[in-house]
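*Asks:* A single structure is presented below for examination.
The values are calculated or read from the model by the stated rules, or taken from the named source; none is laboratory data. Predicted model only: the values in this text are computed from it and were never measured. With ideal geometry, Cβ positions are generated from the backbone for all residues, glycine too; neighbour counts draw on all protein chains shown.
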Amino acid sequence: MMAMNMGLLEIFITFICFLVFLGFLYHKKTPKHLPTNWPVLGMLPGLLVHVNRIYDAITDLLEASHMTFCFIGPWHSGTDILITVDPANVRYILSSNFDNYPKGMEFQEIFEVLGESIFNVDSELWEDMRNSSHAIFGNQDFQRFWVSTSVNKLKQGLVPILANAAEKNILVDLQDLFHRFLFDTSLILMTGYDPKCLSIEMPKVEFSDAVDGVADGLFYRHMKPVFFWKLQYWIGVGVEKSMRRGIAVFDQLLEKIILAKREEIKSHGIRGSKGEAMDVLTYYMTIDTTKYKHLKPSNDKFIRDTILGVLIAAKDTTSSALTWFFWLLSKNPEAMNKIRQEINNKMPKFDPADFDKLVYLDGAVCETLRLYPSVPFNHKSPAKPDVLPTGHRVDENWKVVISIYALGRMKSVWGDDAEDFRPERWITDSGTLRHEPSHKFLAFNAGPRSCLGKKLTFLQMKTAAVEIIRNYDIKLVEGHKTEPVPSVLLRMQHGLKVSVTKI
Ligand code: HEM
């Protein structure tokens, strides 16, 4: 028995030595800027070494490999990924050959938490979801409802907290405040219900923690074999534990709200039907199914998925953008002064009709989303094998990832100052906002699946920026570290600690 054990041990040690030897061989042959493709483990070790700065590591990699790179995962793990930011590939995948790049089965499996929400469906159901979402988000009454809800929350929620912080010299975490601001406004707009999380008492916001946990879990699912994350989810360990907890929080909150809304409609009819704006939940519960044949207004699970999708789409993207926006401005006081001057000169009194005059502010918002896109990457799978404009072949069901974060920083796309925050790059010689094609400025996606909330985002970000910048000076706490968390939604690892002074 002992002899047999020794035999096995020797075979095992020989095998490990062989792997290490092969590894050195491969390592020597690999160009310096690329991760080593180790036997069996593929490039995973190189990725894990950089996981805490994953966005920048991928940016360096893509800059060094002509904007397209094939990541080889561990042997037979199904985690090979073609990563590209080449604008020709981006346009091809998202627009001109859109039909060959559906969300697909693997995406739907990874993002199963979103069920049948617009982000997770294809074909006719997606078309109905898109047309119906477009109808409400593009409606002028709804857009007015959007601005008035934001203004009310700023005046009654955010400003009193900032005033208190300025008066008592208390530091605040702007990321947390923007999460609360967006949770309150988004829930009112999407469901008509105000959770009142933006208050001096700072109640715990379980929903925000749940979104963070789920978004982190979704990120790591891209790097793991399917059987592995499914096993982790089933046992409830690691990031998959947060995923389970997060789903329970979503279900609990939405179940309560859906039930209450059905009761409300039964007893009081449809609010918003007589010229007032309607919340999105009421809209979907009472939608005309002769027009949108694939929607299921009386099915609670369908309604849960629909509302959860748009709630996360509106809440976590805009809170991320606002956080990075104020961080970038606090590091670029000249840009902050220019915005303040523009607001004082062109919008002496708050009037949404004057928003279009705030061109420099528009440029600063675009610049923020170029450098810190709230959705840092897009995942696609070809339905049929294909060859991309750069000549790379992609087989059926391959993972193709477009790094929106890296695209915004490519020197070959944006010039040598790509890393700098320069709102001026968005202003034309005649003083208007420069239009950049969406396959270059990809923060809101491109092609038939481009974001339906772009206009609403600008309205809300400008409302918040005007209200805050006109009244307060924001200063970063010295030594505060700012890093993006590896996740499918970009947020700051340690929040955004600032001091606030009344102007
Ligand atoms: C900073 C703010 C925002 C950013 C950066 C952003 C970005 C994006 C991106 C990258 C996508 C494509 C996602 C994918 O296909 O997987 C998307 C889709 C979408 N966004 Fe936004 N978004 C923002 C705000 C909003 C808001 C405020 C709303 C709604 C009120 C919204 C509604 C949607 C919807 C419905 C889609 C799905 C489009 C489709 O699949 O046809 N977004 N957004």
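*Asks:* Need the failing condition index for V90 against (1) within 20 Å of the chain's Cα centre (by Cα); (2) surrounded by fewer than 18 Cβ atoms within 10 Å (Cβ to Cβ); (3) among the aliphatic types (A, V, I, L, M), just the number.
*Replies:* Answer for V90: the failing condition is (2).
*Asks:* Sticking with this one: Pick from region 344-362 the residues that are assigned to a helix (DSSP H, G or I) and aromatic (F, W, Y): which of them is farthest from T428 (Cα to Cα)?
*Replies:* F355
*Asks:* From the list S430, S438, exactly one residue is of a type in the set (S, T, Y) and either crowded, with 20+ Cβ neighbours inside 10 Å or within 12 Å of the ligand (Cβ to nearest atom) (or both). Which is it?
*Replies:* S438
*Asks:* Of the numbered conditions (1) within 16 Å of the ligand (Cβ to nearest atom); (2) outside any loop (DSSP other than H, G, I, E, B), I339 fails exactly one; give the number of that condition.
*Replies:* Every listed condition holds for I339 apart from (1).
*Asks:* Taking region 120-138 as the region of interest, how many residues are surrounded by fewer than 20 Cβ atoms within 10 Å (Cβ to Cβ), near the ligand (Cβ under 10 Å from one of its atoms) and at pLDDT below 95?
*Replies:* The total comes to 1.
*Asks:* Just one of the numbered conditions (1) in a loop (DSSP other than H, G, I, E, B); (2) buried (at least 17 other Cβ atoms within 10 Å of the Cβ); (3) over 23 Å from the mean Cα position of the chain (by Cα); (4) of a type outside the set (D, E) is not true of M223; which one?
*Replies:* (3)
*Asks:* A further question follows. When only residues in region 62-75 that are touching a residue at least 60 places away in the same chain (Cβ under 8 Å) and over 21 Å from the mean Cα position of the chain (by Cα) count, which is surrounded by the fewest Cβ atoms within 10 Å (Cβ to Cβ)?
*Replies:* This residue is H66.
*Asks:* Restricting attention to region 408-466, which residues are over 28 Å from M129 (Cα atoms), touching a Pro at 6+ places or on another chain (Cβ under 8 Å) and small (G, A, S)?
*Replies:* G408, the sole residue that qualifies.
*Asks:* For L388, state whether it is touching a helix residue (DSSP H, G or I) at 6+ places or on another chain (Cβ under 8 Å), within 30 Å of R144 (Cβ to Cβ) and touching a residue at least 24 places away in the same chain (Cβ under 8 Å).
*Replies:* Criteria not met by L388.
*Asks:* Select from region 323-362 the residues that are among the β-branched types (V, I, T) and touching a strand residue (DSSP E or B) at 6+ places or on another chain (Cβ under 9 Å) and write down the one among them that is surrounded by the fewest Cβ atoms within 10 Å (Cβ to Cβ).
*Replies:* Out of the qualifying residues, it is V359.
*Asks:* For region 486-503, give me each residue that is crowded, with 17+ Cβ neighbours inside 10 Å and closer than 16 Å to P376 by Cα.
*Replies:* Listed by number, the residues that qualify are P486, S487, V488, L489, L490, R491, M492.
*Asks:* Within region 448-481, can you find the residues that are among the hydroxyl-bearing types (S, T, Y), surrounded by 18 or more Cβ atoms within 10 Å (Cβ to Cβ) and either under 30 Å from Y92 (Cα atoms) or under 18 Å from the mean Cα position of the chain (by Cα) (or both)?
*Replies:* Listed by number, the list holds a single entry, T457.
*Asks:* Moving on. The conditions are (1) surrounded by fewer than 18 Cβ atoms within 10 Å (Cβ to Cβ); (2) under 18 Å from M285 (Cβ atoms); (3) within 26 Å of the chain's Cα centre (by Cα), and F228 fails exactly one of them. Which is it?
*Replies:* Exception for F228: condition (2).
*Asks:* Could you tell me whether T463 is hydroxyl-bearing (S, T, Y), closer than 27 Å to D141 by Cβ and either more than 7 Å from the ligand (Cβ to nearest atom) or in contact with a His (Cβ under 9 Å, 6 or more places away or on another chain) (or both)?
*Replies:* So T463 fits the description; yes.
*Asks:* Can you tell me which condition N445 does not meet? The list is (1) more than 16 Å from the ligand (Cβ to nearest atom); (2) on the phi > 0 side of the Ramachandran plot; (3) under 25 Å from the mean Cα position of the chain (by Cα), and all the others hold.
*Replies:* Answer for N445: the failing condition is (1).
*Asks:* Another question, if that's okay. Which condition number in (1) in contact with a Pro (Cβ under 9 Å, 6 or more places away or on another chain); (2) surrounded by 16 or more Cβ atoms within 10 Å (Cβ to Cβ) is the one that R144 fails?
*Replies:* All conditions pass for R144, except number (2).
*Asks:* To continue, here is another question. Can you find a residue in region 279-287 that is free of Cβ contacts under 8 Å to residues at least 60 places away in the same chain, closer than 27 Å to D122 by Cα, more than 16 Å from the ligand (Cβ to nearest atom) and assigned to a loop (DSSP other than H, G, I, E, B)?
*Replies:* Checked against the condition, which is being free of Cβ contacts under 8 Å to residues at least 60 places away in the same chain, closer than 27 Å to D122 by Cα, more than 16 Å from the ligand (Cβ to nearest atom) and assigned to a loop (DSSP other than H, G, I, E, B), region 279-287 yields at least one hit.
*Asks:* Go through the residues of region 391-398 one by one and say whether even a single one is among the basic types (K, R) and over 30 Å from S132 (Cβ atoms).
*Replies:* yes
*Asks:* When you look at L154, is it more than 15 Å from the ligand (Cβ to nearest atom), under 21 Å from F142 (Cβ atoms), at pLDDT 95 or above and not small (G, A, S), yes or no?
*Replies:* yes
*Asks:* State which residue is farthest from the ligand (Cβ to nearest atom) when the search covers only region 96-119 and only residues that are part of a helix (DSSP H, G or I) and of a type in the set (G, A, S).
*Replies:* Per the criteria, the residue is S96.
*Asks:* To continue, here is another question. Can you tell me which residues in region 209-241 are of a type in the set (S, T, Y) and farther than 17 Å from L489 by Cα?
*Replies:* Matches in region 209-241: Y233 only.
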